Every structure is written in C-alpha cells, then in structure tokens.
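All remarks here apply to the structure that follows.
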Amino acid sequence: MNESAAGRPLPAPLRPIERLGGLSIDVVQSLGRFGRFLFQAVVLAFVPPFKFGRLIDRMHFIGFRSLIIVILTGGFTGMVLGLQIFLTLSRFGSEAFLGPAVALSLIRELGPVLCAVFVTGLAGSALTAEIGIMKITEQIDALTVMALSPMRYLVVPAIVAGLITFPLLTAIFDVVGIFGGYLVGVELLGLSPGTYFGEMQNFVDWGDIMTGFWKSLSFGIIVPWVCTYKGFYCGHGAEGVARATTQAVVLSSIVILVWDYFLGSVLP
Amino acid sequence: MIRVENLHKSFGGQPVLRGVNLAIATGEIMVIIGRSGGGKSVLLKHLLRLLRPDSGRVAVDGVDITRLRGAELDRIRSRYGVVFQGGALFDSMTVFDNVAFPLREKSRYSDQEIRQRVEEKLQQVGLSRMGDKNPAEISGGMRKRVAIARALVTEPEIVFFDEPTTGLDPILVNTIHHLITELHRTFRFTAVMVSHEIPEIFQIGHRVAMLHNGVIVETGPPEAVQSSSNPVVQQFIRGEVESTAVPQDRGVTVGGRA
C-alpha cells in the first residue's frame, strides 16, 4: 500500500500525507459517482419507456406503507408540541398563540424533517436492503444482460414516487400534528377551539406552507437518491447489505438536516 | 462466433485474467472448467460485458463489445440468454412472471402469445404446474430450471450458463445437463458453460477449455482434454491435491475483495 507510483515504499514521514491524498481521491470519486447517479436517473425520468407500474408499486412501497407511522408520529409530535408550548406560553399569559406556534413549527420545520426521517427509517432502509439483495443475488446483472436498464426499473420510479409521496405524507403529518396539538391544548388544557384555529389562520400564510412544501419535495428526492445509491453500491454478502442499509439511514438523516438548514436560511 | 483476444483484468492490483485467448464457434457448447477463484466467472462477466477488461477484446461476430455502449450494446445483449449461478430470479415475481418478464419488456407479443410461450417453456423444463409459485417456495433444482426457462424464452442465439448445477444432487445434475443437451438439440444456440462437474460435462460439451492462473491452458474436444499431458489439467480432472498447482489468485472475487 505504502508505495510511490514507481513502486518504491515511501519514507515513513510521507505516508500519512499519501494516505490523506488517497482518502481525498476516494471522497471526490464517491461524490462524483453519487452526483452522476442522480443525473442519470433524472435524464431517464424524461426518456420513454416510462414504467408506470413500477411507479405505482414504489408509491405504495414508500407512501402507503409509511402512512401508519406518519399518522402516529405526527399525532404525538403535535401533542408534545401542544403541551410544551402551552406550558411555556402560559408563563407569559399568551396561551392564545398556541395554535400558530404549533402550526408554524410543524408546517415550516418539524413536519417535513421528522416525516422525512421517519420515512427514511421505514421505507428508505427497506429500499436499500431490497436493491442491495438484488445486487448480491445477481438480479441487477440479470436486468442488465436482458438489455434492460436497472436504473430505469429500480431508481427512477423510487425517486419519482418520493417526489409525489413525500409532500403528501408531510401534509398528513402536519394536519394530524395540528389536531394532536388541538387535543392537548383545547380538549385537555381548556383553550378555546376558536382561539386555537382563529389565531392559526391569522399567523400562518402561504409562504409558510410553501416553505414546508419545497422542503418535503427536496427530501422526496434526497431520501430515494441516497437509499437507492447505497443499495446499488453495497458491498458483498449479508454484511455488505447490512452496512449499506445503516449508511443509507445515517447519511439520509444527515443530508436531510443539513439541507433543511440551508433551505431554512434561503427560503422566506 | 465469440472471440476472446489477450484479455487482461486485475482487481486492486491483483491480476485475475492474464491474457485469455479463446474462440467459441457458432452453435457449439463450450465448457469452461477451472478451479474456484481461477477467474471463470470474471471471464464470463467479460463475455456478458458486465465488466470491462484492462486490455484485450471480446468480439461477438466480429464486433468488439468491450467498446460498445447504449443501444449498440443492448442489440448484442438482446441475442443473449443467461443462467446465473444462483438463478437470479426476481423475488417479487412468481415463476410465471419471471419467465414472462423478458417477453413483456422486450417483445411485442400479445398477452395471449406470451402466456402460450411461457407455458411452453415451463413445460420444456418440467415445471408446467409451478407458474403460480414464488421463487422462495421452490427447490434449488427447480429454481435453476426456471432460470433456464427464462434465459431461453426469448429464443436467444447465445446462452451462458454460470455453474448451472452447483449445489445440486447428482440426479439433479444429470437432469439439468440432459435438459441443456435436449434444449440445445432443439434450438441450436451457442452455449458457453462454466462448470466444475467432472466428468459429466465431458458428455455435454462439444469443446472444453481449462482456465488456470488467468490463462487458458488447454482447449479442445472433451476426449483430447481428458487425455491431455498437461499436469495441471490432469490434476484438476482427477481432483488430486497438489500444493504446486494451487492458483496464486485463489480467493479473489469480482471487485477485488477476497
């Protein structure tokens, strides 16, 4: 390993620099491959033949299967928000602002981010595992030698399905969360329903909704992109698939948070 | 005609193919033998153009496929049928859908015609009642036969078999070999088979090539290979243990990881 291009071992003091150089090249290569992967998928998404059957299947896989977890987590997130914000606002006598506080937190930030993270854990990891197993059992090679593009069958439908289902799942998460906040704030803690929804209407505008929408749309690309990429380039055997699945969930979650911060700072 | 010329391939600096030369005539059954880790699967992946060589060429009817991309490569692959080692059946589909898949995706046949062709192929491999099963519900031997049916349903000109009988009992090994011989007699495809099954493959192969240490060390009709004076060939055929003949690159797999 520790050899120069001419084949001679490098002097010991230079070896860390060589290792750093090798690591840098690996990182740049991986980033290039990662970017090219999405580029190819985007190009194929506009070139027929379109695989509508696969798209419906992926929408079911990502969207419908995640519905229960999105409703459950959305509801409890709204309830926790309702309780904590009510207790905080009551110190200042401003409980009337519970509705807008819950709604803005959910619509602008927590809805898109938490929903994307939960869907990553549920559907994203399954996507990586499924494609990883297809790779190690030569099913992807089988598609290739049938002169069929694995990218068109496995990646494009997942990304398009993510684009469609993530905003819908986020909307459901937001609505259920707002009703979770209502349950705690109005039904348990005694705030008036008119105040809860009335103030919400006064403070939440289209700009907030569009911010959440753009975030969920971008997460709908990021999660299938990362998860299918990790499945496609997973290592050998069961261990390789397991490692790829873990990496997909961790990397997706990190990219979601970084991208959320970036969008939060550029969107109104 | 498939012609492999001076093919070299290394993974992570470890040479696996060191100048393979091989000619496969149209319509013949060519069996490639050799020790595990000797590069047979790597060679097969080059014939399928799943891998690109470091140097050398693979020509199919005079066309160098190592340089092809996109539609031109797809045209060559449309002439292929492949039986993978583990079958590579799609888990999410039934046996019938697996066999029908290439026709649904690549042909203009009606649903009725596809059904007819798939049922015919399943019958030829002795699985006419198994169409509704999932791959996980059938035995290893049946999975191999489904894979053969899927590879042949498009009536390809060239069929590749990657160790089609590995892991099967002797009766099933003979059944699969008999099936391949029968199907070849009917459809006259060119067959390239990677196998370890000594001596059975000498009965079905028209020619045999032995790959050792990344080069073809013997090629010829089965009788000629069996009577070869090459000690490496004799050692392999007899299954003798001899430390000097252990390949240096044993354990190297595609991707360069042992």
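The values are calculated or read from the model by the stated rules, or taken from the named source; none is laboratory data. The shown structure was predicted, so the numbers you read here are calculated from the model rather than taken from an experiment. Every residue, glycine as well, gets a Cβ built from its backbone with ideal geometry; the counts of neighbours run over all protein chains shown.
For every residue, the table says whether it meets (1) buried (at least 18 other Cβ atoms within 10 Å of the Cβ); (2) of a type in the set (A, V, I, L, M); (3) closer than 20 Å to residue B:92 by Cα.
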site: A:39; (1), (2), (3): no, no, no
site: A:42; (1), (2), (3): no, yes, no
site: A:48; (1), (2), (3): no, no, no
site: A:51; (1), (2), (3): yes, no, yes
site: A:60; (1), (2), (3): no, no, yes
site: A:64; (1), (2), (3): no, no, yes
site: A:77; (1), (2), (3): yes, no, no
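Is it the case, given these coordinates, that residue A:177 is in contact (Cβ under 8 Å) with a residue 40 or more places away in the chain and touching a helix residue (DSSP H, G or I) at 6+ places or on another chain (Cβ under 6 Å)? Spelling it out, residue A:177 is indeed in contact (Cβ under 8 Å) with a residue 40 or more places away in the chain and touching a helix residue (DSSP H, G or I) at 6+ places or on another chain (Cβ under 6 Å). A search for C-beta distances below 6 Å between a residue of region A:87-109 that is under 24 Å from residue A:260 (Cα atoms) and at pLDDT below 95 and any residue that is assigned to a helix (DSSP H, G or I) and basic (Lys, Arg), counting only pairs 6+ apart in sequence or on different chains, returns nothing.
From the residues in region B:74-110 that are among the hydroxyl-bearing types (Ser, Thr, Tyr) and in contact (Cβ under 8 Å) with a residue 12 or more places away in the chain, which one is farthest from the other protein chains (Cβ to nearest Cβ)? So, considering only residues that are among the hydroxyl-bearing types (Ser, Thr, Tyr) and in contact (Cβ under 8 Å) with a residue 12 or more places away in the chain, the one farthest from the other protein chains (Cβ to nearest Cβ) is B:94. Against the definition (within 14 Å of another protein chain (Cβ to nearest Cβ) and out of contact with any strand residue (DSSP E or B) (no Cβ under 7 Å at 6 or more places or on another chain)), how does residue A:164 come out, yes or no? Judged against the criteria, residue A:164 is not a match. Among (1) in contact with a helix residue (DSSP H, G or I) (Cβ under 7 Å, 6 or more places away or on another chain); (2) within 13 Å of residue A:116 (Cα to Cα), there is one condition residue A:241 misses while meeting the rest; what is its number? Result: residue A:241 fails condition (2) only. Taking region B:159-197 as the range and being closer than 12 Å to residue B:30 by Cα and aliphatic (A, V, I, L, M) as the test, the residues that pass are B:159, B:191, B:192, B:193, B:194.
Residue check: residue A:145 meets all listed conditions (1) surrounded by fewer than 20 Cβ atoms within 10 Å (Cβ to Cβ); (2) among the aliphatic types (A, V, I, L, M); (3) within 12 Å of another protein chain (Cβ to nearest Cβ) but one, namely (1). Only one of the listed residues (B:125, B:146, B:153) is modelled with pLDDT under 90, β-branched (Val, Ile, Thr) and closer than 17 Å to residue B:179 by Cβ. That residue is B:125. If you check A:58, A:54 for being of a type in the set (D, E, K, R), under 19 Å from residue A:127 (Cβ atoms), at pLDDT below 95 and touching a Leu at 6+ places or on another chain (Cβ under 9 Å), only one passes: A:54. Of the numbered criteria (1) in a helix (DSSP H, G or I); (2) touching a Ser or Thr at 6+ places or on another chain (Cβ under 7 Å); (3) closer than 24 Å to residue A:41 by Cα, the one residue A:147 fails is (1). Against the test of being surrounded by fewer than 13 Cβ atoms within 10 Å (Cβ to Cβ), assigned to a helix (DSSP H, G or I) and of a type in the set (Phe, Trp, Tyr), the options A:213, A:262, A:219, A:197 yield a single qualifying residue, A:262. Taking the numbered list (1) closer than 19 Å to residue B:161 by Cβ; (2) within 14 Å of chain A (Cβ to nearest Cβ) in turn, residue B:71 passes all entries but (1). As for region A:131-140, it holds no residue that is in a helix (DSSP H, G or I), away from chain B (no Cβ under 14 Å) and either more than 30 Å from residue B:70 (Cβ to Cβ) or modelled with pLDDT of 95 or more (or both).
Restricting attention to region B:173-221, the residues that are in contact with a Pro (Cβ under 8 Å, 6 or more places away or on another chain) and among the aromatic types (Phe, Trp, Tyr) total 2.
Taking (1) surrounded by fewer than 22 Cβ atoms within 10 Å (Cβ to Cβ); (2) part of a loop (DSSP other than H, G, I, E, B); (3) more than 14 Å from chain B (Cβ to nearest Cβ) in turn, residue A:191 satisfies each apart from (1). Taken as a whole, the condition of being surrounded by 18 or more Cβ atoms within 10 Å (Cβ to Cβ) and either at pLDDT 95 or above or more than 14 Å from every other protein chain (Cβ to nearest Cβ) (or both) applies to residue A:120.
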